[in-house]
Structures are given as structure tokens and as C-alpha cells.
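Engineer: I am attaching a structure below and will ask some questions about it afterwards.
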Amino acid sequence: GLPAALPALPLELTVLYNTLLFTVGASDSAIKGEAEGIRQGLLRVLEACGACGQDLGMEDLWQKVLQEVTMEELQAPLHRLGALQAAWWLAASRLGSVAGLFKLLSTAEDLGRAHCSEGQNELLSVIKAWQVPPEGASLPLVQSAKDLKEMLCTAAAFLQGLQELEAGNFPTALSLLQEAAGGFCSKNILAQIYTCLGCCTQRMGKPQTALQHLKRALQVDFQCLPALFHVAAVYHELGETNEELQALTLLYEALGKNPPAAASSSPHFLMRTELLVHTPVLTSLLHHHHPSEVKYLLAQRCLQDGRVADAVEHYLDFLSLLQEGLQQQVPLDGSSALPRIPEVFLEAASALEQAGRHQDAITVCEEVISRTTDLIPRVLRMEERLEQPECSLPGAGLAGGLLSQKKESLCCLAWRAAGYLHQGWAWAKLGENKEAVTQFSREHLEDAVFRCVCLPVTENLQAEVEVLQKIRLLSLIGRGMQFLELGRHKEALLDFQHSLQISPGDPAAASYLVQALWKLNRKQEAAAQWQKFSQSSPGEDGQQQGQGRPLPLYLVSCLEQAMFPHSEPLARSIQDYLGAAAQDTSS
């Protein structure tokens, strides 16, 4: 409340500088908003000089103060306060404001030296060009302006590197992140910078270099667990499954140890880089995964790699976590690595089935079926009017809501259908062919699924319908196979014919169709069909198989079980038949 007095201003500004640093250090949270204390300090300086600036924004206020206040005693306190202002603006990603402020704080000679370095980042150049004011012995500082300058350089390089990384300008991002790595920061920030360097070089197509950076991050700070997750991702990209699984296992064990909160490696610094750099891209790169997410990834990767026993163990561990209330611990909104829970159950059933635990697979599928049945409407229409965008916002919202409901209903329908499909294969493996036929013939596979795959649908629902189409194809092939086992060859033939209507040229359905005709002693038709399918170019079948989107993991084992296993013997029989027929014709 005292009037501003020029003789007291150096002390007043120094106290303000120390107070702001203490406030920042005590909160230990990211800096946000404006520093109102700095504004009040600048206004008191102007007041003491007989000027005012109440209506000015912060950038204009700084320009007015630095241009009009020429007292030698005030230059050092104002420069230190300017460095604090730069910290606040860096935290708000106001890089242009920071550069403009340091141009005001530097002399023309200093700026001339900064511009001599070609190719150097402008913001870093002007910060480095700034001459740190000397410290007065009678006015102690809680953090020196020299340390503050070094921290600002590191934060500016780190922040700009992240921005360039997000923009896809990887060479520029790499240069800036390397600059930050050589700067002034704590060990945990250095580990974060190396993690970002690893992600940058991975996106540049340099996985080995990425591994070097990520391992360096872990050497600096082993508690930087996101680096370990990225190591696993790089090994996955390289196809080195053993190393990937080792990294995921280490990550899972480390997450389960609940280490104490890491203390700052530089507690005497109140203003730190971590308080200034807090961008969405950094949050994404340093996302901390829940142990259950890592457990699921272990299960998934083992199943994909054919390590069935390990996959079963991991899936069962994960399902036990579900019983402990996992859904309350992990967000299942897309930010997590977890898929939808019914898909996890179906993947677990697939693993159990491949491990020979068919009854357990049936039980797991029954859980999916019972949970999804009540969520499927009795009538599911795919109406064209959903394709037409509405002009009014309420109408658009209604259309979007209906589309979302239909998508969810289709997902539930697919999950239930897949549950019955897995149960059919499991019963078949147990030698219960009739029970297998019952599961493959479930009413929804003959009715609801058929209607869904035959009706015209919107593009937004195409992915779900393709999955349903694949499930119907596999169910028909599976049932036809059981009919062949039971000697019901005519029924098998009908199923294989229907399969080819759904997916023309499908190699498994085509081969089983030929076998069914052969068993019905319709050998001439069988030979004609065999010639037709064998003459189609290999690329056509491959194209047919590869159409659409990637097959869900829980259907991969069903696709493998539907493959025709007797291609060579059947081909020899048909070739012998054709050869004999040719001899009869010639004679």
C-alpha cells in the first residue's frame, strides 16, 4: 500500500522475484495463467517514474517499461523479472512473446551475434544472446538468473521439439530434442527427453537408433516406465517377439512394485523445466499404462505369436483382474490399450481352444453370449436415411445417436455370433458333431446375421457388417464340415454353396464344395468345379482373402480351423479321374 519509490524499487523487485519463485516451487505443479505479481511490479515501476500502463497488455507493458525506465539500478532486477515472465509465457506456449521479450532485454550488439549463426533456432538464439545481469551481494536470490537462463533454453528446445514432432517435422524435432538433452535439467526430465528422441527416431524409420535413445532414458531414470513401453513397441515393429515380450514382462513387474514417488534430482531449483513443458503430445508419449493393460498386451502378443500356453496364462490372469473391478481402474474409452471386454473374452476362448481346453472355451463363450443377448434388439434395420446428413443440429445429433446405437447393436450381435462360432468348433474338437451342428446353426446365424449382411448399410457400419459376414461364412463352412463327418453330404453341399454366395472364390469353401460333390459321386461336377477354382489366378484368391479390414484376433483361429486340409489327395484323385476320362474318350 506504500507509494512506489525509486530508491526502494531494486529491493522490492528482488523480493518479488524471490516470492514468485517460492510460490512456484511450493506448488510443484505446472505453471498456468498469467503472473499477476509481475504485472503489479511493472506498474509500480512506471508509477515511480511518473507514468502509467493500467490499460496495456503484458507485452506492451514490458515494452513500455524497458523503453522508458533507464535507471541503472533497476536494469538487473527488471531483467531477472523478465526471465520469470519468459517462464510463464513458455508454459503457455507463447513462443513469439518470449522471443519478443528477450529481444527487448538484449542489446543490438548481442542480437547481432545471435543472428550470425545460420540455421540456429531463433528463439534459442535470442535467449542465449541475453546477457545475464550481475548479482548484487546485498540482495541474495533463491535461484540465480544464470540457472534460470539455462533452464529456459532447455525448456524452449524441449517444447519446440515436441511441437515439431507433433507436426511431423522429424529432422527439426530431432535437432531441437538433442539440444534439450544437452541442456540444464533434472534426471527425470532428461529421461523424458530421451524417450521423445526415441519416439522421433522410430517415426523416422530408424528403430535401432530409437532403441539406443530409449535405453539411454532407462539408464538415466529407470522409473521412466513409458520408455520401456516404447522399447516393446520398437521390438514389435522389428518383429523381435522374444525381446518385445521381455520388455513387456519387465514393465508389468515394475508397475506392480508401486515405487515411492521419485524425488526431484535438483531440489534446490524452484523453477524447473517440468513446470514449463506440459503439452498434450508429451502427455501422450509419457502415458503411464495400468498393469492390466500390459498384462493384456502380453496375452495378445503371445496368442498372435502362437505361444498358446503363455497366452492362456496371461488371459486368465487378466480375466481375474476383471473380477477385481478393473473397469473402475482403467478408462475403457479408447485412451486405454484394452479392446472391448467381450473381445478379450473371445480371444481368451480362442487361446483356450487352441490349448485343447475346449470345455473352458465353451464356458467363457457362454459368458459372452449371456451378457450380450439382452443388448441386441429383436429387429435391427439398416436404413438408408442415416446416410443423409441433417441440416439442423438437433437432427444431426439424432442421426448420429441412432447410428451409434446401431453400431453398438451390431458389435453385440457379432460378439454373440462369435461366441456360438467358437462353441461350435470346441464341440467339434470334442467329437460332438451333432452339438457342433447345433451351435453353428443358432437362430441368429440363420436369421439376424443373414439380414444384416444382405441389407445395404452405411459406410460407418461397414466394418461391423464385414465381421458378421466373415462369421456367417465360417459358421457355414464349420457346419458343412460336421455334416461331412456325419455322412450328410447333401446338407454339407448346400452349406458350402451358401458359403460361396457370401464370399465368392473363398478357397476353403471352394475346396469343401469339391469334396462334397466327390463324396456324392458327382465326380464330373467335382472335377469341373476343381478346374474352375484351380485355374483362377492365385492373386484372385489372395485378393479375396485380403479384402476389407484386418480380421479380429478372436476369429483368426476359426479361420485356420476352416482351412481345407486335404488339398493334395483330393487333387490327385481328380487328376486320376480326369486322366481316366480322357483315355476313355480317346479309345
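Engineer: Just to check I understand the Karplus step: with θ = phi - 60° and J = 6.51 cos²θ - 1.76 cosθ + 1.60, what whole-Hz values come out for the range 171-176, glycine and proline as x?
Structural biologist: Result, ordered by residue: x, 5, 4, 4, 4, 5 Hz.
Engineer: Going highest first, how would you order 169-180, 302-313 by mean Cβ packing within 10 Å?
Structural biologist: Output ranking for 169-180, 302-313: 169-180, 302-313.
Engineer: Calculate, for Ile341 and Leu95, the FRET efficiency according to 1/(1 + (r/R0)^6) with r their C-beta to C-beta distance and R0 51 Å; round to the nearest 0.05.
Structural biologist: 0.70
Engineer: Moving to a separate point now. Taking the Cα centre of the range 1-133 as the origin, how large is its charge dipole in debye, to the nearest 20, when only Lys and Arg (+1) and Asp and Glu (-1) carry charge on their Cβ atoms?
Structural biologist: Charge dipole, the range 1-133, about its Cα centre: 220 debye, nearest 20.
Engineer: Further question: Rounded to the nearest 0.05, what FRET efficiency is calculated for Leu316 and Glu432 with R0 set to 25 Å and r the Cβ-Cβ distance?
Structural biologist: Given R0 = 25 Å and the Cβ-Cβ separation, E is 0.55.
Engineer: Can you figure out the FRET efficiency of Gln178 with Glu109, using R₀ = 25 Å and their beta-carbon distance, to the nearest 0.05?
Structural biologist: That pair, Gln178 with Glu109, gives E of 0.30.
Engineer: A further question follows. PRE reach from Ala8 (point 7 Å along Cα→Cβ): which of the range 40-74 fall under 16 Å by backbone N?
Structural biologist: Answer for this model: 41-50.
Engineer: If all Cα-Cα distances of the range 1-133 are sorted into 10 Å bins from 0 onward, what percent lands in each bin, rounded to whole numbers?
Structural biologist: It works out to 12, 42, 35, 11, 1, in whole percents.
Engineer: Whole-Hz ³J(HN,Hα) for each residue in the range 7-23, computed from phi via Karplus 6.51 cos²θ - 1.76 cosθ + 1.60 with θ = phi - 60°, x for glycine and proline: what do you get?
Structural biologist: x, 8, 5, x, 5, 4, 5, 5, 4, 4, 4, 5, 5, 4, 5, 4, 5
Engineer: Using the Cα centre of the range 1-133 as origin and beta-carbon charges of +1 (Lys, Arg) and -1 (Asp, Glu), tell me which of Pro3, Leu105, Val126 is placed farthest towards the positive end of the dipole.
Structural biologist: Positive-most Cα among the choices belongs to Val126.
Engineer: Right, next: Given labels modelled 7 Å from the Cα in the Cβ direction, how far is it in nm from Glu73 to Lys32?
Structural biologist: Once both label points are built, they end up 4.0 nm from each other.
Engineer: With a point put 7 Å past each Cα toward its Cβ, work out how far Glu324 is from Leu559 in nm, to one decimal.
Structural biologist: 3.4 nm
Readers should treat all values here as calculations from the given coordinates under stated rules, not as data from a laboratory. Just so you know, these numbers come straight off a predicted model, no measurement behind them. Note that we place each Cβ from the backbone using ideal geometry, even for glycine, and neighbour counts take in every protein chain shown.
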